[in-house]
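Asker: The following block contains the structure, expressed as C-alpha coordinates.
The values are calculated or read from the model by the stated rules, or taken from the named source; none is laboratory data. These numbers were taken from a predicted model, which means no experiment stands behind them. Positions of Cβ are generated from backbone atoms using ideal geometry, with glycine treated the same way; all protein chains shown enter the neighbour counts. We work out accessible area using only protein heavy atoms, side chains counted, and drop any ligands, DNA or RNA first. Shrake-Rupley method; radii C 1.70, N 1.55, O 1.52, S 1.80 Å.
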Amino acid sequence: MNDLTAVVEQARAAFELAHTPADLENSKAIFLGKSGRITELMKGLASLSIEEKKLQGAAINHAKQAIEAALNARRQALAERELQAQLQAEALDVTLPGRQRGAGGLHPVSLTLERIEAIFGSMGFEVAQGPEIESDWFNFTALNTPEDHPARSMHDTFYVEGGSDQAPNLLRTHTSPMQIRHAVQHVKKHRLAHGSPNDGKLYSGDMPEIRVIAPGRTYRVDSDATHSPMFHQCEGLWVGEAISFKDLKYVFTDFCRTFFENPELVLRFRPSFFPFTEPSAEIDIQFPSGPLAGRWLEVAGSGQVHPNVIRNMGLDPERYIGFAFGMGPDRLTMLRYGVNDLRLFFDGDIRFLSQFR
Ligand code: DAH
(Lines give C-alpha, C1' and ligand atoms only; values in the text may rest on other atoms or scores of the structure.)
Protein backbone atom coordinates (compact mmCIF):
# COMPACT_ATOMS: atom_id res chain seq x y z
CA MET A 1 0.00 0.00 0.00
CA ASN A 2 2.72 2.37 1.05
CA ASP A 3 4.45 1.65 -2.20
CA LEU A 4 1.41 2.74 -4.17
CA THR A 5 0.99 5.96 -2.21
CA ALA A 6 4.64 6.75 -2.94
CA VAL A 7 4.18 6.04 -6.68
CA VAL A 8 1.18 8.38 -6.79
CA GLU A 9 3.17 11.07 -4.97
CA GLN A 10 6.12 10.62 -7.35
CA ALA A 11 3.80 10.90 -10.34
CA ARG A 12 2.23 14.12 -8.98
CA ALA A 13 5.69 15.61 -8.35
CA ALA A 14 6.91 14.63 -11.85
CA PHE A 15 3.82 16.14 -13.45
CA GLU A 16 4.32 19.38 -11.50
CA LEU A 17 7.88 19.59 -12.83
CA ALA A 18 6.69 19.27 -16.44
CA HIS A 19 6.42 22.77 -17.91
CA THR A 20 5.41 21.89 -21.45
CA PRO A 21 2.88 19.40 -22.86
CA ALA A 22 5.80 17.38 -24.32
CA ASP A 23 7.49 17.11 -20.89
CA LEU A 24 4.18 16.03 -19.44
CA GLU A 25 3.72 13.24 -22.01
CA ASN A 26 7.23 11.94 -21.19
CA SER A 27 6.38 11.87 -17.50
CA LYS A 28 3.11 10.12 -18.25
CA ALA A 29 5.01 7.33 -20.03
CA ILE A 30 7.11 6.70 -16.92
CA PHE A 31 4.00 5.95 -14.87
CA LEU A 32 1.23 4.88 -17.23
CA GLY A 33 3.16 3.79 -20.34
CA LYS A 34 3.56 0.20 -21.62
CA SER A 35 6.50 -0.43 -19.35
CA GLY A 36 5.57 2.23 -16.85
CA ARG A 37 5.44 1.80 -13.10
CA ILE A 38 1.71 1.00 -12.90
CA THR A 39 1.90 -1.48 -15.78
CA GLU A 40 4.80 -3.23 -14.08
CA LEU A 41 2.78 -3.44 -10.86
CA MET A 42 -0.13 -4.96 -12.78
CA LYS A 43 2.16 -7.56 -14.26
CA GLY A 44 3.22 -8.49 -10.69
CA LEU A 45 -0.37 -9.49 -9.89
CA ALA A 46 0.02 -12.72 -11.88
CA SER A 47 1.99 -14.38 -9.11
CA LEU A 48 -0.54 -13.58 -6.37
CA SER A 49 -3.42 -15.62 -4.97
CA ILE A 50 -6.95 -14.81 -6.04
CA GLU A 51 -7.74 -13.05 -2.77
CA GLU A 52 -4.57 -10.96 -2.91
CA LYS A 53 -5.12 -10.26 -6.61
CA LYS A 54 -8.49 -8.77 -5.82
CA LEU A 55 -7.21 -6.56 -3.04
CA GLN A 56 -3.96 -5.53 -4.71
CA GLY A 57 -5.64 -5.07 -8.12
CA ALA A 58 -8.23 -2.72 -6.67
CA ALA A 59 -5.48 -0.75 -4.90
CA ILE A 60 -3.43 -0.45 -8.09
CA ASN A 61 -6.48 0.70 -10.03
CA HIS A 62 -7.15 3.29 -7.40
CA ALA A 63 -3.59 4.55 -7.65
CA LYS A 64 -3.84 4.56 -11.46
CA GLN A 65 -6.99 6.70 -11.31
CA ALA A 66 -5.30 9.12 -8.95
CA ILE A 67 -2.34 9.41 -11.33
CA GLU A 68 -4.67 9.95 -14.33
CA ALA A 69 -6.55 12.62 -12.40
CA ALA A 70 -3.26 14.38 -11.57
CA LEU A 71 -2.20 14.11 -15.23
CA ASN A 72 -5.45 15.65 -16.46
CA ALA A 73 -5.27 18.43 -13.91
CA ARG A 74 -1.72 19.21 -15.02
CA ARG A 75 -2.70 19.04 -18.71
CA GLN A 76 -5.44 21.55 -18.08
CA ALA A 77 -3.16 23.82 -16.08
CA LEU A 78 -0.56 23.81 -18.88
CA ALA A 79 -3.20 24.48 -21.55
CA GLU A 80 -4.59 27.32 -19.45
CA ARG A 81 -1.12 28.77 -19.00
CA GLU A 82 -0.45 28.56 -22.73
CA LEU A 83 -3.73 30.32 -23.49
CA GLN A 84 -2.93 33.12 -21.02
CA ALA A 85 0.51 33.60 -22.56
CA GLN A 86 -1.02 33.79 -26.03
CA LEU A 87 -3.68 36.27 -24.92
CA GLN A 88 -1.02 38.42 -23.37
CA ALA A 89 1.17 38.34 -26.45
CA GLU A 90 -1.70 39.25 -28.74
CA ALA A 91 -3.13 41.83 -26.38
CA LEU A 92 -5.70 44.14 -27.94
CA ASP A 93 -6.61 47.16 -25.86
CA VAL A 94 -10.16 47.86 -26.89
CA THR A 95 -10.25 50.92 -24.63
CA LEU A 96 -7.67 52.82 -26.77
CA PRO A 97 -9.37 55.61 -28.71
CA GLY A 98 -9.38 54.91 -32.45
CA ARG A 99 -7.06 56.78 -34.79
CA GLN A 100 -9.29 59.19 -36.64
CA ARG A 101 -8.65 61.11 -39.79
CA GLY A 102 -9.81 64.60 -38.88
CA ALA A 103 -12.30 66.27 -41.17
CA GLY A 104 -10.59 68.84 -43.40
CA GLY A 105 -11.84 72.31 -44.14
CA LEU A 106 -11.19 75.27 -46.38
CA HIS A 107 -8.55 77.86 -45.48
CA PRO A 108 -10.14 81.07 -44.11
CA VAL A 109 -8.83 83.06 -47.07
CA SER A 110 -10.31 80.47 -49.46
CA LEU A 111 -13.63 80.89 -47.66
CA THR A 112 -13.37 84.64 -48.30
CA LEU A 113 -12.50 84.13 -51.98
CA GLU A 114 -15.49 81.81 -52.39
CA ARG A 115 -17.66 84.43 -50.76
CA ILE A 116 -16.33 87.22 -53.02
CA GLU A 117 -16.90 85.06 -56.10
CA ALA A 118 -20.45 84.21 -55.02
CA ILE A 119 -21.41 87.83 -54.33
CA PHE A 120 -19.91 89.25 -57.54
CA GLY A 121 -21.22 86.21 -59.42
CA SER A 122 -24.72 87.18 -58.32
CA MET A 123 -24.09 90.61 -59.90
CA GLY A 124 -23.13 89.05 -63.23
CA PHE A 125 -19.33 89.11 -62.89
CA GLU A 126 -17.23 86.36 -64.44
CA VAL A 127 -14.25 84.95 -62.55
CA ALA A 128 -10.87 84.96 -64.33
CA GLN A 129 -7.53 83.45 -63.33
CA GLY A 130 -4.13 84.53 -64.55
CA PRO A 131 -0.40 83.84 -64.14
CA GLU A 132 1.48 84.78 -60.98
CA ILE A 133 4.72 85.13 -62.95
CA GLU A 134 4.16 88.20 -65.07
CA SER A 135 5.89 90.43 -67.58
CA ASP A 136 6.74 94.10 -67.17
CA TRP A 137 4.19 94.83 -69.85
CA PHE A 138 1.12 93.43 -68.10
CA ASN A 139 2.18 94.26 -64.54
CA PHE A 140 3.24 97.86 -65.21
CA THR A 141 3.51 99.25 -68.73
CA ALA A 142 0.07 98.33 -70.03
CA LEU A 143 -1.35 99.75 -66.81
CA ASN A 144 -0.04 103.20 -67.69
CA THR A 145 2.97 102.76 -65.42
CA PRO A 146 6.10 103.38 -67.57
CA GLU A 147 9.55 102.32 -66.47
CA ASP A 148 10.52 105.58 -64.79
CA HIS A 149 7.16 106.08 -63.13
CA PRO A 150 7.44 106.64 -59.36
CA ALA A 151 4.57 104.20 -58.76
CA ARG A 152 6.90 101.32 -59.61
CA SER A 153 8.96 101.97 -56.51
CA MET A 154 5.92 101.33 -54.32
CA HIS A 155 5.94 97.89 -55.87
CA ASP A 156 9.30 96.42 -55.03
CA THR A 157 8.85 92.89 -56.22
CA PHE A 158 10.76 89.72 -57.01
CA TYR A 159 12.39 90.02 -60.41
CA VAL A 160 14.03 87.27 -62.38
CA GLU A 161 16.97 88.35 -64.53
CA GLY A 162 16.42 88.84 -68.23
CA GLY A 163 12.90 88.91 -69.52
CA SER A 164 11.49 91.45 -71.91
CA ASP A 165 8.31 93.45 -71.96
CA GLN A 166 6.41 90.43 -73.22
CA ALA A 167 8.34 87.72 -71.41
CA PRO A 168 7.45 86.93 -67.81
CA ASN A 169 10.21 87.92 -65.40
CA LEU A 170 8.58 89.08 -62.18
CA LEU A 171 6.11 87.94 -59.56
CA ARG A 172 3.03 90.06 -60.08
CA THR A 173 2.64 92.80 -57.49
CA HIS A 174 -1.11 93.07 -57.96
CA THR A 175 -3.96 91.38 -59.82
CA SER A 176 -4.42 94.44 -62.05
CA PRO A 177 -2.55 92.80 -65.00
CA MET A 178 -5.64 90.59 -65.29
CA GLN A 179 -7.60 93.67 -66.38
CA ILE A 180 -5.52 93.79 -69.54
CA ARG A 181 -5.26 90.03 -70.09
CA HIS A 182 -8.97 89.46 -69.71
CA ALA A 183 -10.08 92.52 -71.68
CA VAL A 184 -7.75 91.72 -74.61
CA GLN A 185 -9.20 88.19 -74.87
CA HIS A 186 -12.73 89.54 -74.58
CA VAL A 187 -12.17 92.11 -77.33
CA LYS A 188 -10.47 89.55 -79.58
CA LYS A 189 -13.42 87.17 -79.28
CA HIS A 190 -15.96 89.82 -80.19
CA ARG A 191 -13.92 91.30 -83.02
CA LEU A 192 -13.85 87.83 -84.57
CA ALA A 193 -17.61 87.54 -84.07
CA HIS A 194 -18.11 90.86 -85.88
CA GLY A 195 -15.82 90.14 -88.78
CA SER A 196 -13.09 92.62 -87.84
CA PRO A 197 -10.36 90.31 -86.54
CA ASN A 198 -7.56 92.84 -86.34
CA ASP A 199 -7.20 95.98 -88.41
CA GLY A 200 -4.63 97.44 -86.01
CA LYS A 201 -7.15 100.03 -84.86
CA LEU A 202 -8.79 100.37 -81.48
CA TYR A 203 -12.14 98.62 -81.39
CA SER A 204 -15.23 100.75 -81.24
CA GLY A 205 -17.74 98.22 -82.53
CA ASP A 206 -20.49 96.47 -80.59
CA MET A 207 -19.47 94.23 -77.77
CA PRO A 208 -21.04 92.80 -74.60
CA GLU A 209 -19.80 94.51 -71.47
CA ILE A 210 -16.68 93.29 -69.71
CA ARG A 211 -17.63 92.39 -66.16
CA VAL A 212 -15.01 90.32 -64.38
CA ILE A 213 -13.26 89.70 -61.10
CA ALA A 214 -9.79 88.14 -60.91
CA PRO A 215 -8.77 86.77 -57.52
CA GLY A 216 -5.32 85.35 -56.87
CA ARG A 217 -1.92 85.43 -55.21
CA THR A 218 0.30 88.50 -55.45
CA TYR A 219 3.82 89.30 -54.20
CA ARG A 220 5.76 92.21 -52.75
CA VAL A 221 8.87 92.73 -50.69
CA ASP A 222 6.98 93.37 -47.47
CA SER A 223 6.60 91.54 -44.17
CA ASP A 224 4.99 92.51 -40.87
CA ALA A 225 1.76 91.90 -38.92
CA THR A 226 -0.35 93.30 -41.75
CA HIS A 227 1.88 92.52 -44.76
CA SER A 228 3.14 89.25 -46.14
CA PRO A 229 5.50 88.78 -49.13
CA MET A 230 2.74 86.59 -50.59
CA PHE A 231 -0.77 87.89 -50.22
CA HIS A 232 -4.08 87.85 -52.06
CA GLN A 233 -5.84 90.41 -54.15
CA CYS A 234 -9.04 90.43 -56.09
CA GLU A 235 -9.33 92.67 -59.09
CA GLY A 236 -12.63 93.90 -60.42
CA LEU A 237 -13.36 95.42 -63.82
CA TRP A 238 -16.56 96.61 -65.47
CA VAL A 239 -16.21 98.20 -68.89
CA GLY A 240 -19.12 99.24 -71.09
CA GLU A 241 -20.49 102.33 -72.74
CA ALA A 242 -21.73 104.24 -69.75
CA ILE A 243 -20.15 102.65 -66.70
CA SER A 244 -19.29 105.42 -64.28
CA PHE A 245 -18.00 106.12 -60.81
CA LYS A 246 -21.63 106.05 -59.64
CA ASP A 247 -21.81 102.36 -60.65
CA LEU A 248 -18.57 101.67 -58.81
CA LYS A 249 -19.98 103.18 -55.64
CA TYR A 250 -23.20 101.23 -55.96
CA VAL A 251 -21.57 97.88 -56.74
CA PHE A 252 -18.83 98.11 -54.14
CA THR A 253 -21.15 99.31 -51.39
CA ASP A 254 -23.53 96.45 -52.14
CA PHE A 255 -20.64 94.01 -52.10
CA CYS A 256 -19.25 95.17 -48.74
CA ARG A 257 -22.62 95.19 -47.02
CA THR A 258 -23.37 91.69 -48.30
CA PHE A 259 -19.90 90.40 -47.45
CA PHE A 260 -20.05 91.62 -43.86
CA GLU A 261 -23.79 90.90 -43.58
CA ASN A 262 -24.27 94.41 -42.32
CA PRO A 263 -26.62 96.78 -44.19
CA GLU A 264 -25.52 99.65 -41.91
CA LEU A 265 -21.88 99.46 -43.03
CA VAL A 266 -20.62 102.91 -44.11
CA LEU A 267 -18.27 103.40 -47.09
CA ARG A 268 -15.99 106.29 -47.94
CA PHE A 269 -14.36 106.90 -51.32
CA ARG A 270 -11.22 108.86 -50.48
CA PRO A 271 -9.40 110.63 -53.38
CA SER A 272 -6.12 108.92 -54.19
CA PHE A 273 -3.76 108.21 -57.05
CA PHE A 274 -3.16 105.17 -59.23
CA PRO A 275 -1.56 105.43 -62.68
CA PHE A 276 -4.21 103.16 -64.20
CA THR A 277 -7.26 105.11 -63.01
CA GLU A 278 -8.41 108.70 -63.28
CA PRO A 279 -9.97 109.75 -60.99
CA SER A 280 -8.82 107.28 -58.33
CA ALA A 281 -10.13 106.54 -54.88
CA GLU A 282 -9.17 104.52 -51.87
CA ILE A 283 -12.21 102.73 -50.42
CA ASP A 284 -12.59 102.74 -46.64
CA ILE A 285 -15.30 101.05 -44.61
CA GLN A 286 -16.60 101.75 -41.13
CA PHE A 287 -18.63 99.43 -38.87
CA PRO A 288 -21.46 101.20 -37.04
CA SER A 289 -21.00 99.01 -33.95
CA GLY A 290 -18.79 96.27 -32.56
CA PRO A 291 -15.09 96.26 -31.64
CA LEU A 292 -14.04 98.10 -34.84
CA ALA A 293 -16.75 100.79 -34.67
CA GLY A 294 -15.74 104.35 -35.47
CA ARG A 295 -12.52 103.50 -37.37
CA TRP A 296 -12.02 103.90 -41.11
CA LEU A 297 -10.55 100.68 -42.51
CA GLU A 298 -9.01 100.68 -45.98
CA VAL A 299 -10.19 97.72 -48.07
CA ALA A 300 -9.55 98.59 -51.74
CA GLY A 301 -8.10 100.89 -54.37
CA SER A 302 -10.38 101.89 -57.22
CA GLY A 303 -11.14 104.37 -59.95
CA GLN A 304 -12.35 105.16 -63.42
CA VAL A 305 -10.19 103.18 -65.84
CA HIS A 306 -7.58 105.50 -67.45
CA PRO A 307 -8.06 106.04 -71.23
CA ASN A 308 -4.52 104.75 -71.85
CA VAL A 309 -5.45 101.47 -70.15
CA ILE A 310 -8.64 101.25 -72.21
CA ARG A 311 -6.40 101.65 -75.30
CA ASN A 312 -4.08 98.89 -74.12
CA MET A 313 -7.14 96.66 -73.90
CA GLY A 314 -7.61 97.34 -77.63
CA LEU A 315 -10.67 99.50 -77.08
CA ASP A 316 -11.54 103.00 -78.21
CA PRO A 317 -11.84 105.19 -75.09
CA GLU A 318 -14.25 107.44 -76.99
CA ARG A 319 -16.79 104.61 -76.83
CA TYR A 320 -15.72 102.44 -73.91
CA ILE A 321 -15.38 103.49 -70.31
CA GLY A 322 -15.53 101.74 -66.98
CA PHE A 323 -14.32 101.31 -63.44
CA ALA A 324 -11.86 99.02 -61.72
CA PHE A 325 -10.95 98.12 -58.19
CA GLY A 326 -8.41 95.98 -56.40
CA MET A 327 -9.12 94.70 -52.92
CA GLY A 328 -7.34 92.60 -50.33
CA PRO A 329 -9.15 89.35 -49.42
CA ASP A 330 -6.65 88.73 -46.59
CA ARG A 331 -7.66 92.03 -45.03
CA LEU A 332 -11.35 91.21 -45.45
CA THR A 333 -10.76 87.85 -43.75
CA MET A 334 -9.00 89.55 -40.81
CA LEU A 335 -11.88 92.01 -40.41
CA ARG A 336 -14.57 89.39 -40.76
CA TYR A 337 -13.09 87.02 -38.17
CA GLY A 338 -11.33 89.54 -35.92
CA VAL A 339 -7.80 88.25 -36.63
CA ASN A 340 -5.08 90.83 -35.93
CA ASP A 341 -1.98 89.21 -37.45
CA LEU A 342 -1.98 88.40 -41.16
CA ARG A 343 0.95 85.99 -40.78
CA LEU A 344 -1.29 83.53 -38.88
CA PHE A 345 -3.01 82.76 -42.18
CA PHE A 346 0.21 81.56 -43.77
CA ASP A 347 2.04 79.86 -40.89
CA GLY A 348 0.10 76.65 -41.49
CA ASP A 349 -0.67 76.07 -37.80
CA ILE A 350 -3.55 73.60 -37.83
CA ARG A 351 -4.76 74.77 -34.37
CA PHE A 352 -5.42 78.21 -35.84
CA LEU A 353 -6.74 77.08 -39.20
CA SER A 354 -9.15 74.45 -37.87
CA GLN A 355 -11.13 77.16 -36.08
CA PHE A 356 -12.57 78.28 -39.42
CA ARG A 357 -14.03 74.93 -40.53
N1 DAH B 1 -3.46 97.47 -58.01
C2 DAH B 1 -3.61 98.39 -56.91
C3 DAH B 1 -2.68 97.98 -55.79
O4 DAH B 1 -2.18 96.92 -55.83
C5 DAH B 1 -5.02 98.37 -56.41
C6 DAH B 1 -5.94 99.00 -57.39
C7 DAH B 1 -6.18 100.34 -57.38
C8 DAH B 1 -6.56 98.22 -58.35
C9 DAH B 1 -7.04 100.95 -58.25
C10 DAH B 1 -7.42 98.81 -59.28
C11 DAH B 1 -7.65 100.17 -59.20
O12 DAH B 1 -8.04 98.10 -60.20
O13 DAH B 1 -8.53 100.73 -60.08
O14 DAH B 1 -2.49 98.72 -54.86
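Asker: If you build a Gaussian network model of the chain, linking Cα atoms that sit under 10 Å apart, which residue out of G205, G326, G44 swings the most?
Answerer: Its mean-square fluctuation being the largest, the pick is G44.
Asker: Using a 1.4 angstrom probe and counting only protein chains, how large is the accessible area of I30 in Å², to 10?
Answerer: 100
Asker: Suppose we take every Cα in segment 149-291 and form the convex hull; what volume per residue is that in Å³?
Answerer: Roughly 160 Å³ of hull volume per residue.
Asker: Also: Looking at the chain as a GNM with Cα springs under 10 Å, which of R152, R211, R75 has the largest mean-square fluctuation?
Answerer: Comparing R152, R211, R75 in a Gaussian network model of the chain, the most mobile one is R75.
Asker: Between segment 23-47 and segment 260-299, what's the alpha-carbon centroid distance in Å?
Answerer: Value for the Cα centre distance between the two parts: 107 Å.
Asker: Given 0.36 nm per residue, what is the gain on full extension from E241 to R319 after removing their alpha carbon distance, in nm?
Answerer: Value of the extension gain: 27.5 nm.
Asker: Continuing with this model, one more query. Return the sequence-ordered ³J(HN,Hα) values of segment 177-186 in whole Hz as given by the Karplus equation 6.51 cos²θ - 1.76 cosθ + 1.60 applied to θ = phi - 60°, using x for Gly and Pro.
Answerer: Computed from phi, the couplings for segment 177-186 are x, 5, 4, 5, 4, 5, 5, 4, 4, 4 Hz.
Asker: Check which residues have an amide H placed less than 5 Å from H232's amide H, if you skip close sequence neighbours.
Answerer: So H232 has HN proximity to T218, D330.
Asker: Looking only at segment 315-353, which residues have a backbone nitrogen under 19 Å from a spot 7 Å from the Cα of E278 in the C-beta direction?
Answerer: 315-325, by backbone N distance to the label point.
Asker: Tell me, what ³J(HN,Hα) does each residue in segment 300-306 have, in order and in whole Hz, if you take phi through Karplus 6.51 cos²θ - 1.76 cosθ + 1.60 with θ = phi - 60° and put x for Gly and Pro?
Answerer: Whole-Hz 3J(HN,Hα) from phi for segment 300-306: 7, x, 7, x, 7, 4, 4.
Asker: Please build a GNM for the chain, connecting alpha carbons under 10 Å apart, and tell me which residue among R343, R220, R295 fluctuates the most.
Answerer: R295
Asker: What percentage of the solvent-accessible surface of the chain, computed with a 1.4 Å probe over protein heavy atoms, is contributed by carbon and sulfur atoms?
Answerer: Percent of accessible area from carbon and sulfur atoms in the chain: 53.
Asker: Let me ask you something else. What ³J(HN,Hα) values, in whole Hz, does the Karplus curve 6.51 cos²θ - 1.76 cosθ + 1.60 give for segment 233-240 when θ = phi - 60°, with x put for Gly and Pro?
Answerer: The phi angles translate into 9, 9, 8, x, 8, 9, 10, x Hz.
Asker: I need the trypsin sites (Lys or Arg not before Pro) found in segment 1-69, filtered to DSSP loop residues with at most 10 other beta carbons within 10 Å of theirs.
Answerer: In loop regions of segment 1-69 (DSSP not H, G, I, E or B), the sparsely surrounded trypsin sites (Lys or Arg not before Pro) are K34.
Asker: Which value, in Å² and to the nearest 10, is the accessible area of S110 when all protein chains are kept and the probe is 1.4 Å?
Answerer: Number for this one is 40 Å².
Asker: Oh, and also: Between H190 and E147, take the C-beta separation as r, use R0 = 25 Å, and let me know the FRET efficiency to the nearest 0.05.
Answerer: 0.20
Asker: Here is a further query. Probe radius 1.4 Å, ligands and nucleic acids left out: which of T141, T95, T173 has the largest accessible area, and how do the rest follow?
Answerer: In descending accessible area the options line up as T95, T141, T173.
Asker: Name the residues whose placed amide hydrogens come within less than 5 Å of the amide hydrogen of F140, ignoring near sequence neighbours (fewer than 5 apart) on the same chain.
Answerer: Residues meeting the amide H criterion: none.
Asker: Continuing with the same structure: Could you tell me which chymotrypsin sites (Phe, Trp or Tyr not before Pro) in segment 266-297 are loop residues by DSSP with no more than 15 other beta carbons within 10 angstrom of their beta carbon?
Answerer: The qualifying sites are W296.
Asker: Here's something else I'd like to know. Rounding to the nearest 20 debye, state how big the charge dipole of the chain is about its Cα centre with +1 on each Lys and Arg Cβ and -1 on each Asp and Glu Cβ.
Answerer: Once rounded to the nearest 20, the dipole reads 1180 debye.
Asker: Once you treat every alpha carbon in the chain as an equal point and sum by Debye, what is log10 I(q)/I(0) at q = 0.06, 0.07, 0.14 Å⁻¹?
Answerer: -0.43, -0.47, -1.14
Asker: According to a simple spin-label model (label point 7 Å from Cα along Cα-to-Cβ), what is the distance in nm between E80 and T39?
Answerer: Calculated label separation equals 3.1 nm.
Asker: While we're looking at this one, here's another question. Using label points projected 7 Å from each Cα along Cα→Cβ, tell me how many nm separate L32 and E90, to one decimal.
Answerer: In this crude spin-label approximation the distance works out to 2.9 nm.
Asker: Under the 0.36 nm per residue contour assumption, what length would be gained going from the current alpha-carbon distance of A59 and V127 to full extension?
Answerer: Length difference between fully extended and current span is 14.1 nm.
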